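See structure below.
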Amino acid sequence: MRLFVALDLDETLRQHIARFVEGVQAFAPDARWVRTESLHITLKFIGNVPEEDRPRFEHALGPISVPAFDLSIRSHGFFPTPRSPRVFWLGIQAPPELVHLAAEIDAATAALGIPKETHAFSPHLTLARGSGRSGSPRRLKDDRPNSQFAKLQTKLEGLPTPDLGTMTPREFFLYESKLSPKGSQYFKLAAFPLLARP
């Protein structure tokens, strides 16, 4: 089974993002747009593990204790660079607790043999990936200037920076990702509460 750990979005924020996507999607018609109902904030990609290992991951994630925090969806950009865009994303503003949560999850899964992250945690929501190209946010050897997102980039230059709202996550989740002809489908396997704020 293919596992990852993520925060879910509240419904109000998801609706704001859906309206934003509806307004810009036509400017990159060849891109692969993520269904708004599938959006989540990835904290750790675990990858393929045997199904019998699932309880070990649930047990490892259970003791993590990080206070709840607010996060806001603001700004946008392209990975790896605006000149060679492969991924269109929305930016997330949050206090250090979000980075701390990702680090705690990274450490917990590393104890089970999952490689630790080698890059700094960069919270974002992936909205679209270039058609036929890698969805990785990292620089790749074959990166080159491309025009797939050019119309979208021009459109965004004429719009104010989006401020799509704020939410307070109360828990994070262990998800399973299943591939299907309609794209990846995500299923929550377990929930882990964040600490209540004083």
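A short reminder: the numbers here are calculations on the coordinates, not readings from a lab. Please read these numbers as outputs of a predicted model, since none were measured by experiment. Cβ atoms come from the backbone with ideal geometry, glycine included; neighbour counts cover every protein chain shown.
Sequence-distant contacts, meaning Cα pairs under 8 Å at least 6 residues apart, place the relative contact order of the chain at 33 percent.
Between residue 147 and residue 51, the modelled label-to-label distance comes to 4.9 nm, taking each label 7 Å out from Cα in the direction of the beta carbon. Taking 30 Å as the straight-line reach from the Cα of residue 178, the lysines in range (excluding those fewer than 8 positions away in the same chain) are 44, 116, 141, 188. With only Lys, Arg, Asp and Glu charged, each at its Cβ (+1 for the first two, -1 for the last two), find how big the charge dipole of the chain is about the Cα centre; round to the nearest 20 debye. The dipole magnitude comes to about 780 debye.
Summary of packing: across the peptides 61-67, 153-159, the per-residue average of other C-beta atoms within 10 Å ranks them, highest first, as 61-67, 153-159. By the helix-only formula, in which each DSSP H run with n ≥ 4 contributes -39500 (n - 2.57) and the sum is divided by residues, the chain has a 222 nm mean residue ellipticity of -7000 deg cm²/dmol.
Computed over the range 1-56, the P(r) tail beyond 13 angstrom holds 69 percent of alpha carbon pairs.
Between 129, 86, 56, the GNM of the chain built on Cα springs shorter than 10 angstrom shows 56 fluctuating the most. To the nearest ten degrees, helix 96-110 and the longest principal axis of the Cα atoms of the chain are 60 degrees apart.
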